[in-house]
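Asks: Below is a structure I'd like to ask you about.
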Amino acid sequence: MSETTSAEFFATLLMQGFAGISLFSVLLLMALGLAIIFGQMGVINMAHGEFMAIGSYTTYILSVLASEQGWLDIYFPFSLIAAFIVAGVAGYLLEIVLIRHLYQRPLDTLLATWGVSLILQQIFRSVFGAREVSPELPEWIMGSVQPGEGIDIPVNGLFVLGLAGLVTAGVALMMFRSRWGLQVRATSQNRLIAGAVGIDTQQVDRITFALGCGLAGVAGAAFTTIASTGPTSGSLYIVDTFLVVVFGGAASMVGTLASAFTIGQAQSILEFLMTGSMAKVLTLVTVVGLLMMRPEGLFTAKVRR
Amino acid sequence: MTSLLEYYRRIPASWRGLLILALVLLVVFPLLMGSFRLNLVGKYLCFAYVALGLVLAWGYGGILSLGQGVFFGLGGYCMAMYLKLEASDPVSTAIQSTPGIPDFMDWNQLTELPWFWEPFHNLPFTLLAILVLPTLFAYVLSLAMFRRRVGGVYFAIITQAVALILSTLIIGQQGYTGGVNGITDLKTLEGWDIRTDAAKTVLYFVCCGLLIVCIVASQFILKSKLGLLLVAMRDKEERVRFSGYSVADLKVFVFCVAALFSAIGGALFTLQVGFMSPSFVGIVPSVEMVIFAAVGGRLSLVGAIYGCLMVNFGKTYFSEAFPELWLFLMGGLFIGIVMFFPNGMAGLFQSGGRESLKQLWRGLIHMRHHDRPSPRVDEASLDSSLEPRS
Amino acid sequence: MEPERGSPQASLSDLFSILQDPKEMLIMSIQCSKKLDQAFRRLLPFSLALLLGTSGTATAASVNTTGLAVTDTTVTVGDLHSATGTMAISEIGSIQAEMLAIDQINAAGGVLGRKIEVIKEDGASDWPTFAEKARKLLVKDKVAAVFGCWTSASRKAVLPVFEKENGLLYYPTFYEGLEQSKNVIYTGQEATQQIIAGLDWMAKEKGAKTFFLIGSDYIWPRTSNKIARKHIENVLKGKVVGEEYYPLGHTNFRTLINKVKAAKPDVIYSIVVGGSNVSWFKQLKAAGITGDKANLLTISTTEDEVKGIGGENVLGFYSAMKYFQSLDNANNKAFVQAFKTKYGADSVIGDVTQAAYLGPWLWKAAVEKAGSFDVDKVAAASPGIELNTAPEGYVKVHPNHHLWSKLRIGKWKKDGQVDVIYESGLIEPNPFPEGYQ
Amino acid sequence: MSKKNFLLAVEGLTVSFDGFKAVDDVSLYVDPGEVRVIIGPNGAGKTTLLDLISGKTRASSGTIDFKGIELTHLKEHQIVREGLARKFQTPSIYEDLTVYQNLEVSFPRGRGVFGSLFFRRTPDVEAAVQAVAEEIQLTDALSMQAGLLSHGQKQWLEIGMLLMQQAELLMLDEPVAGMSVKERQQTAELLKRISRNRSVIVIEHDMEFVRAIAHKVTVLHQGKVLVEGSMDKVQSDPRVIEAYLGH
């Protein structure tokens, strides 16, 4: 088909670029919470996907309430906050009940949190049913903007991008500019010394874990703009998310950013060139291959051991 | 009777468990169960191969693989390819636009057999492939990683990713693999109908026999110096290295053995169930296989078999009787084992239950006192988690 | 709700299961002791029966020579769907419909004067579990028929079991065809029934010449698109400008949407299934592809899916199905009302749910025609069975065990229902279409 | 003098971690049968130097010549197989195994995967274990679980494991740390005995002990060799005093 003009080609290119960027922002949002928990605490949280689902379901509940009250246009931003709080509190409780008994035993944490994910899935199923749900969203978030002829930039994509930027900036500020961030970093580097200088490391752990889970909740809430939520939705994302974090280098936020960007763009471009399945396989194979070559990930400090 | 007991006493303690297991599998089960349940047990026992491999790799080697389904699947698919070709002779597929090729290929507009299917017309090649292909894949995968000292959680995540890749690949390339349906409708092995009750009973005994062979082989490995080194590695990996051993090679070896066992299990599974599908390759079944080993006791060879049987029986029973409870139980099992019974049923059994109960009690007390219980597990996974070499 | 524990026959294996299970349960669950108690009570009669050496099979067998679980007053059938796992979302509707039909049949006096009893088994969205449970239903429970399966994969897994054990399966889902078995009655449409008339309509009504084919990556969408492509190219003399597949559960369709935009097809032909549906339609809308600007025809989106997607996201798109909830006829009105009375006013009924509802009725008709529950006789009696009371209207079983049925095209409204804007004549099922392979 | 006359010749060895040179242009020559003690204040790079020689850390530049074999590109286990053995700062033994097994595992045969799989306990293994056990005074504890040994015994067991390896060069990182005075004396005796037919490099802080065993002392400071010579010479060198007292 040679009907495609250069203007249309340009439009496709632009929209395709945006598709990559929006996949990047989705991956970033999913990975941030995990990166904090994994990077700072060394804890593998296999239930991360289910914490995202907690955020999604929170949004769903609020949307039901909102549509009863006629607040559909405005509830969504609040649901992000609510998702953060609900998922965060759930994470806080999980830390107390389970996680803190398993520090220093990463493989066991992995299995135990897998168990948690199964239990959460069944809870979702019992409460919300096996059917996937999808909150009713305000109209303004579902449209698209047209900066030029034939170019449609989805508003929800822009929204997720903006949110990812905001959250990343917020986390970076907390980590590197606040006293709490200092405590977290100190604790992750040397728990014993941190405790000795008067940091309540237990509290730091708890807050860190809760923060990570809360961020997962926000990601889940944002996700409702592009996908549905079912009891097992969370498990679809967990491997992708882990690969983003590991590929970026466990303790590095810049790494997580870079790896989410690389993977997002790569997958997006490959999808344009081949079938979705093969694009996914090729992306994963490349990431795994690179990880085998360079297990410490893209970015990491060279540490003397 | 006394003389029997006397004979029993003369058996070394480490073989008694195996003897009892063999009696249970080869005598008690066949006597007690009809062919339907026996076939069910046979199916579960295929997963016991995986659990056995995990005891070696995870329990002793400290290598947690969340991708054992990959090897199970590779073994199973090799077997399935052979059986499918036998079932797709030109006569029974005459209705197709290209007779003589598997039905799903025909549906996907393939007009000739892909080259990598060709050798699977040959049974010796197939049997060899079942043993060699998965092992070779495990070798390539693990050599690169263990040489670079990737271990612990990184290895777990990467193996999980491999499971995802392989299952996506199988589903995506359905013309060559049968896609999400898998390779189905397998009928005969060298003309022998594998669907009859008689055949299933025979296959059950084959399955048990090979399983016992695998246990004996594992026993041999654990009793050799290599087994001693595995225990040593869990404790002080660095020391083993500085005693002149290549830790990476030892790990690669146990991982390959685990893969080999899984592959045998997969092939037997295909024979007993009559099909193979990507649903055994992916992430969820791979993680479930870990719990089989964990329930039985990650350090006990026979324990793994019992654990596997128990979890599977439990799954069958509970998902029938209380479907809504099953995931809670499964989840609780993961958490409970890790928190309170790190050595699984075997640990419970060896201490007459007392030790573990004490530990459970201590655990509960400690929880209240904001302290963590200290079952000695997985120290190895700790320091082997990642030591990048610059 | 209680799954009946099989026909009244006790064997050593039952005793064994009693020995097995409590051990399991004691270790694993203290908290469900109440349920445990029930389980024991349920199992108790079997062990008693065993001890006394009496067996119910003898009585059943003396009345009926079929070897099936049939007594003077009851007949046992199986229901085999995923009540749990990823497929539960789709299959629960089928379970509900089958239970409704069985209740109605029982209320009207049963089959050959016998009440239908149901053993429900959960395939748990896991193909080998389906095969295992199918074997259990046929070998242990000796059910007279099984209503069940949803995905092609689960059907493929149980098919050898049904053929080997000579069971009878009523399969409700629209599917890819290329299959025909003495032991299966297909109550949904095979691919040609669903595809060809819909494409013809699109070409005729909308003057469509170029098509973009999209599917989830497995056998049904691929086979369906193969048939669609042949029809578009050979019969409609149109052009396929793109064909794309995405993994099940995929949630990011932006790249695909860009490809569609670049190709500018007259019709987007979509066979996206399951949870992916929601992402697909939400992202289409977000990219400005809406019902008023583009023609989208789908054969995979029923009222069930739209409940999750949201009517506003599919507004103005078209679905090609044999049944829609909003069909305007007396049969359907009664059916919808009965369904809503039983399962709640906000429940929706999709194509497969209706097809599942047909299963027990078709079986009843065939059994009564054969005058026996014997599987061979029922299978032989099935071709030619007509059902005038079907919610979708008139259906008839073809000798190839599929149904003659009509195709409708519905245009989606905001409330998640359709306006039925086209209805074909009765279409002959043709699972092995010449020229489309 | 040619390198060939030395057992170990380290030349220009340097390693840097993100710009920080932990070991900076160190050269070191050890004779056959020599006991060399390396001392220096904390952070002088002593342990890093052993890490470099034993292959645990890769050198940024420099050469390590052992019996004419270049070690800088070999892996740890390959270096060990060439005849070099190392003891760690904290006793590093297999606590779950018996003393006997600890020693047996260190026997230099069947070090490959299949070698270890088919390794058999032959009379020569038995004899070697007995001999070493006698040397480290653990004959009575052979069947004991190693984790139950006293701290000093653990240190000896580790030295015993090195002896089992039949290495030509032993490198011991603080072998008497945490020992009583009596144990120190016994260890000194042990070292003297074992250095009769092999070379030993020792890192140690305890000057009494150093004086008892050292043929030659090397003082490291800030990654560099400060002084090298006899104990007396080193102790009287003002730069050494400066290094220990200053800063």
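Every read-out reported here was derived from the displayed coordinates using simple, explicitly stated rules and does not represent laboratory data. Source: prediction; values computed, not measured. Note that each Cβ is placed from the backbone with ideal geometry, even for glycine, and that neighbours are counted across all protein chains shown.
Asks: For segment A:40-86, evaluate the Debye formula with one uniform point scatterer on each Cα (no solvent term) and list log10 I(q)/I(0) at q = 0.26 Å⁻¹, rounded to two decimals.
Replies: -0.89
Asks: Quick check: convex hull over the Cα atoms of segment A:1-160, volume per residue in Å³, rounded to an integer?
Replies: 167 Å³
Asks: Could I ask something else about it? What is the fewest-to-most order of B:CYS256, B:CYS308 by other Cβ atoms lying within 10 Å of their Cβ?
Replies: Exposure proxy ranking, most exposed first: B:CYS256, B:CYS308.
Asks: Considering only C-alpha atoms, what is the centroid distance from segment C:258-288 to segment B:98-124, in Å?
Replies: A separation of 34 Å, based on Cα centres.
Asks: Still on this model: For chain B, what is the per residue volume of the convex hull drawn over the alpha-carbon atoms, in cubic angstrom?
Replies: It is 175 Å³ per residue.
Asks: For the protein assembly as shown, just run the numbers: alpha carbon Rg, then divide by 2.2 N^0.38 Å, N being how many residues it has.
Replies: Normalised by 2.2 N^0.38 Å, the Cα Rg of the protein assembly as shown equals 1.01.
Asks: Given 25 °C and 0.890 mPa s, how large is the Stokes-Einstein diffusion coefficient of segment C:246-328 in µm²/s, with Rh as the Kirkwood radius over Cα pairs?
Replies: The Stokes-Einstein estimate is 188 µm²/s.
Asks: Provide Rg and Dmax in Å for segment B:168-317, with only Cα atoms included in the calculation.
Replies: 18.6, 57
Asks: Turning to a different aspect of this structure: I want the local charge near B:SER224. Using Cβ-Cβ distances under 15 Å, sum +1 for each Lys or Arg and -1 for each Asp or Glu among the other residues.
Replies: For residues surrounding B:SER224, the net value is +4.
Asks: Still on this model: Over all directions, average the projected area of the Cα convex hull of segment A:134-268 and note it in nm².
Replies: Spelled out: convex hull of the Cα atoms, projected over all directions, averaged, 10.6 nm².
Asks: Under the Karplus relation 6.51 cos²θ - 1.76 cosθ + 1.60, θ = phi - 60°, what is the ordered set of whole-Hz ³J(HN,Hα) values for segment B:182-198, x standing for Gly and Pro?
Replies: These are the phi-based 3J(HN,Hα) values: x, 9, 10, 6, 8, 10, 10, 10, 6, x, 8, 5, 8, 9, 6, 4, 4 Hz.
Asks: So in chain D, what percent of DSSP beta bridges are antiparallel if you round to the nearest 5?
Replies: 55 percent
Asks: Right, something else. State the three equivalent ellipsoid semi-axes of segment D:42-184, derived from the C-alpha gyration tensor as the square roots of 5 times its eigenvalues, in descending order and whole Å.
Replies: Result for segment D:42-184: semi-axes of 26, 21, 12 Å.
Asks: In chain B, what is the count of Lys pairs whose alpha carbons are under 16 Å apart, counting only pairs at least 8 residues apart or on separate chains?
Replies: 7
Asks: Taking the Cβ of each residue in B:CYS214, B:CYS46 as the centre, tally the other Cβ atoms inside 10 Å and list the residues starting with the fewest.
Replies: Ordered by Cβ neighbours within 10 Å, fewest first: B:CYS214, B:CYS46.
Asks: If one computes P(r) from the Cα atoms of segment D:185-247, what percent of pairs lie at distances over 17 Å?
Replies: Looking at segment D:185-247, the distances longer than 17 Å represent 43 percent of pairs.
Asks: For D:LYS21, go through the lysines and keep the ones whose alpha-carbon is under 21 Å away, minus same-chain ones fewer than eight residues off.
Replies: Within the straight-line cut-off, D:LYS21 pairs with A:LYS302, D:LYS46, D:LYS56, D:LYS224.
Asks: Please pull out the direction-averaged projected area of segment B:40-155, using the convex hull of its alpha-carbon atoms, in nm² to one decimal place.
Replies: Projected area, direction-averaged: 9.6 nm².
Asks: If you wrap segment C:301-437's Cα atoms in a convex hull and average its projection over all directions, what's the area in nm²?
Replies: Averaged projected hull area, Cα only: 9.9 nm².
Asks: A further question on this structure: With angles folded into 0 to 90 degrees, how steeply does helix B:323-340 sit against the dominant principal axis of chain B? Use alpha carbons for both and round to 10.
Replies: Helix B:323-340 sits roughly 40 degrees off the main axis of chain B.
Asks: Another question about this same structure. Grab the DSSP H runs of chain D that are 4 residues or longer, score each as -39,500 (n - 2.57), total them, divide by all residues and round the 222 nm result to the nearest 500 deg cm²/dmol.
Replies: -10000 deg cm²/dmol
Asks: Short version: ³J(HN,Hα) in whole Hz for each residue of segment C:108-125, in order, from phi by Karplus 6.51 cos²θ - 1.76 cosθ + 1.60 (θ = phi - 60°), x for Gly and Pro, what are they?
Replies: Ordered by residue, 3J(HN,Hα) equals 8, x, x, 10, 6, x, 10, 6, 7, 10, 10, 9, 8, 10, 9, x, 6, 6 Hz.
Asks: Another question about this same structure. Tell me which aspartates and glutamates have Cα within less than 19 Å of C:LYS333's Cα, excluding those fewer than 8 residues away on the same chain?
Replies: C:GLU98, C:ASP103, C:GLU303, C:ASP304, C:ASP346, C:ASP351, C:GLU392, C:ASP415, C:ASP419, C:GLU423
Asks: Compute the Rg/Rh shape ratio of segment A:203-290: radius of gyration over Kirkwood radius, all on alpha-carbon atoms.
Replies: A ratio of 1.01.
Asks: Okay, next question. Taking only C-alpha pairs under 8 Å that are 6+ residues apart, what is the relative contact order of segment B:37-340 in percent?
Replies: Reported as a whole number, the value is 39 percent.
Asks: Compare the Cα positions of A:PHE242, B:GLY100, B:GLY344 along the charge dipole of the protein assembly as shown (+1 at Cβ of Lys, Arg; -1 at Cβ of Asp, Glu; about the Cα centre) and return the one farthest towards the positive end.
Replies: Farthest towards the positive pole: B:GLY344.
Asks: Further question: Quickly estimate the mean residue ellipticity at 222 nm for chain B, helices only: each DSSP H run with n ≥ 4 gives -39500 (n - 2.57), and the total goes over all residues, rounded to 500.
Replies: The helix contribution divided over chain B gives -22500 deg cm²/dmol.
Asks: Would you work out if chain A is rounded, prolate or oblate? Take a ≥ b ≥ c from the square roots of the eigenvalues of the alpha-carbon gyration tensor; rounded if a/c is under 1.5, else prolate when a/b is larger than b/c, oblate otherwise.
Replies: Oblate.
Asks: Could you give me the ³J(HN,Hα) list for segment C:237-250, computed from phi with Karplus coefficients 6.51, -1.76, 1.60 and θ = phi - 60°, whole Hz, x at Gly and Pro?
Replies: Couplings: 6, x, 9, 8, 9, x, 9, 9, 10, 10, x, 4, x, 5 Hz.
Asks: Segment B:91-162: percent of C-alpha pairs farther apart than 17 Å?
Replies: 63 percent
Asks: Among residues other than C:GLU428 whose Cβ falls under 14 Å from its Cβ, what is the net charge (Lys/Arg +1, Asp/Glu -1)?
Replies: Spelling it out: positives minus negatives among the neighbours equals +1.
Asks: Sticking with this one: Working from the pairwise distances between different alpha carbons, so that the mean of 1/r is found and then inverted, what is segment C:276-371's Kirkwood radius in Å?
Replies: Hydrodynamic radius (Kirkwood, Cα pairs) of segment C:276-371 is 15.3 Å.
Asks: Let me ask something else about it. State, in angstrom, two size descriptors of segment D:3-245 derived from its alpha carbons: Rg to one decimal place and Dmax to the nearest whole number.
Replies: Reported Rg and Dmax, both Å: 18.1, 58.
Asks: If you average the alpha carbon positions of segment C:329-375 and of segment D:72-131, how far apart do those two centres end up, in angstrom?
Replies: 75 Å
Asks: Let me ask something additional. Please list, ordered by chain and number, the residues whose modelled amide H lies under 5 Å from the amide H of C:THR298; skip anything fewer than 5 residues away on the same chain.
Replies: C:SER270, C:TYR318, C:SER319, C:ALA320
Asks: Please get the size of the charge dipole for the protein assembly as shown, origin at its Cα centre, with Cβ charges of +1 on Lys and Arg and -1 on Asp and Glu, quoted in debye to the nearest 20.
Replies: My answer is approximately 2120 debye.
Asks: For n ≥ 4 DSSP H runs only, could you compute -39500 (n - 2.57) per run for chain A, divide by its residues and tell me the 222 nm figure to the nearest 500?
Replies: Helix contribution divided over all residues of chain A: -25500 deg cm²/dmol.
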